[in-house]
Amino acid sequence: MFRCLENFRHARAVFKAAFCTLFTACLLMLSTAALAAQGAVILLYHHVAEDTPPSTTISPADFEAHLSYLKDNGFTVVGLDKAMDSLRSNQALPEKSVVITFDDGYSSIYSEAFPLLQSYGYPFTLFLSTGPIDSGLRNYMNWDQIREMSDAGVIIANHMVDHPYMLESLDSESDSERLDRLRAELLEAEQRIEQETGQSHRYLAYPYGEYDPAIKSILQKLNFVGLAQNSGAVGPESDFLALPRFPLASIYANLDTARTKFATLPFHANQLQPDSPVTTSRSPSVTLKFETGDYNLSQIGCFANSKPLAMNWIDREQGVVELKPHESFTGRRWRYICTAPDPGSSRYYWYSVQWINPD
């Protein structure tokens, strides 16, 4: 009798422990799914061709391989407008949501990418520099082709008139004059797009992905959303004046590495200092704050040029860390990238810091 009662109690304890483990796992999966449904990945393409500059080019075959992979692996391609509306109002998106964007207005977007995207039924956005279109520049689309795309549901958005280096002043131009010029050019491009297509969304893709706090302030005052070129996923807590996008060209068009980026999740992270991506240093430090989420702070790794960055945890409980590089970086633009594995899947959280040295 007592042995039966003891066995019953043991079985009940085992069942209770198993149930708690299963319940915790279910909560984790539901929490991860909920967070994933509040994020999206924005992809950036330029040329879809075989004979254009490699740094901004993906071949038609590789581009179709990207589209096929998205279709066959549970991704949902959503329009930029739907993604922005959902994220800014903290509403759910389909899990594994992806947004497709193109910059500049090259003719291969119309001849190669547009038919492929139509065949897959995928929405996309074209960020247009209006000056080359108005000038009839070779290798760019014309307004008839752009209107055809617009009539088919393509979002036509702003990439300035002449694709300027927005951080650079003209000869004898003061900084305030530079900002006035950029504001006028931004509004001119928006007006020109509206004249030709009837569209005005107030989305700006920064030419070359370059901006500073003063430029962001212009966008904020004019109620624009800004899109940059620092990699990472976007979520409700992202900076809507400098949203990250994954550039996919040259070696970064490789599907083996692109598929990891397609599935990334947004960190809830803030850059505490400095407040600008513009730097005169060739080895700048940055302080970040990672808010709590479905990731382990101890598993965050940060890298530059595929090499680990030194991470000085100022306050691990609060998620505050300083990244201090041990090398100097060359070129005009570079990034620090931080990732952490998602415990509920094979996906990664991804955040990057953009640096621009105009000198």
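Computed from the coordinates by the stated procedures, all read-outs in this text should not be read as laboratory data. These numbers come from a predicted model, not from an experiment. In this analysis, Cβ positions are derived from the backbone assuming ideal geometry, glycine residues included, and neighbour counts consider all displayed protein chains.
Which one, Ala242, Trp313, Leu227, is farthest towards the positive end of the dipole of the chain when Lys and Arg carry +1 and Asp and Glu -1 on their Cβ?
Most positive-ward Cα: Trp313.
Would you calculate, for the chain, the mean residue ellipticity at 222 nm contributed by helices, counting each DSSP H stretch of 4 or more residues as -39,500 (n - 2.57) and dividing by all residues, to the nearest 500?
When only DSSP H runs of four or more count, the value is -10500 deg cm²/dmol.
Please report the projected area of the chain's Cα convex hull averaged over all directions, in nm².
Mean orientational projected area (the chain, Cα hull): 22.3 nm².
Provide the packing ranking of 158-169, 232-243, 215-226, i.e. peptides ordered by the mean count of other C-beta atoms within 10 Å per residue, highest first.
Listed from highest to lowest mean packing, they are 232-243, 158-169, 215-226.
Nearest 5 percent is fine: what portion of the DSSP beta bridges confined to the chain is antiparallel?
If I count the DSSP bridges inside the chain, around 50 percent turn out antiparallel.
Highest mean first, what order results for 296-308, 61-73, 194-206 on Cβ atoms within 10 Å?
Ranked from most to least packed, the peptides come out as 194-206, 61-73, 296-308.
Could you put Tyr348, Tyr120, Tyr336 in order, starting from the residue whose Cβ has the fewest other Cβ atoms within 10 Å?
Final ranking by Cβ density, sparse to dense: Tyr120, Tyr348, Tyr336.
What's the local net charge at Val320, with K and R +1, D and E -1, over the other residues with C-beta under 13 Å away?
Neighbourhood net charge equals -2.
Please arrange Asp359, Asp134 by counting, for each residue, the other beta carbons lying within 10 Å of its beta carbon, fewest first.
Least crowded to most crowded, the residues run Asp359, Asp134.
Quick one: grab Rg to one decimal and Dmax as a whole number for region 267-359, Cα atoms only, in Å.
That works out to 13.3, 44 Å for Rg and Dmax.
So which of Lys96/Lys289; Lys261/Lys307; Lys96/Lys261; Lys221/Lys324; Lys289/Lys324; Lys71/Lys307 end up more than 22 Å apart, counting from Cα to Cα?
Violating the 22 Å Cα-Cα cut-off are Lys96/Lys289; Lys221/Lys324; Lys71/Lys307.
What Kirkwood Rh does region 45-155 have if only Cα atoms enter the pairwise 1/r average? Answer in Å.
It works out to 14.8 Å.
Compute the Cα gyration tensor for region 83-217, then decide on rounded, prolate or oblate, letting a ≥ b ≥ c be the square roots of its eigenvalues: rounded whenever a/c is under 1.5, prolate when a/b is larger than b/c in the other cases, and oblate in all that remain.
oblate
Using each residue's phi in region 87-102, evaluate 6.51 cos²θ - 1.76 cosθ + 1.60 at θ = phi - 60° and report the 3J(HN,Hα) Karplus result to the nearest Hz, with x for Gly and Pro.
Working through the residues one at a time gives 5, 6, 9, 6, 9, 6, 10, x, 4, 6, 7, 10, 10, 9, 10, 10 Hz.
Rank Ser276, Ser108, Ser119 by mean-square fluctuation in a GNM of the chain with C-alpha springs under 10 angstrom and give only the top-ranked residue.
Most flexible of the set in this elastic network: Ser119.
In nanometres, what is the gap between the two model label sites at Asp239 and Glu173, each 7 Å from Cα along Cα-to-Cβ?
Taking the two extended label points, one gets 2.2 nm.
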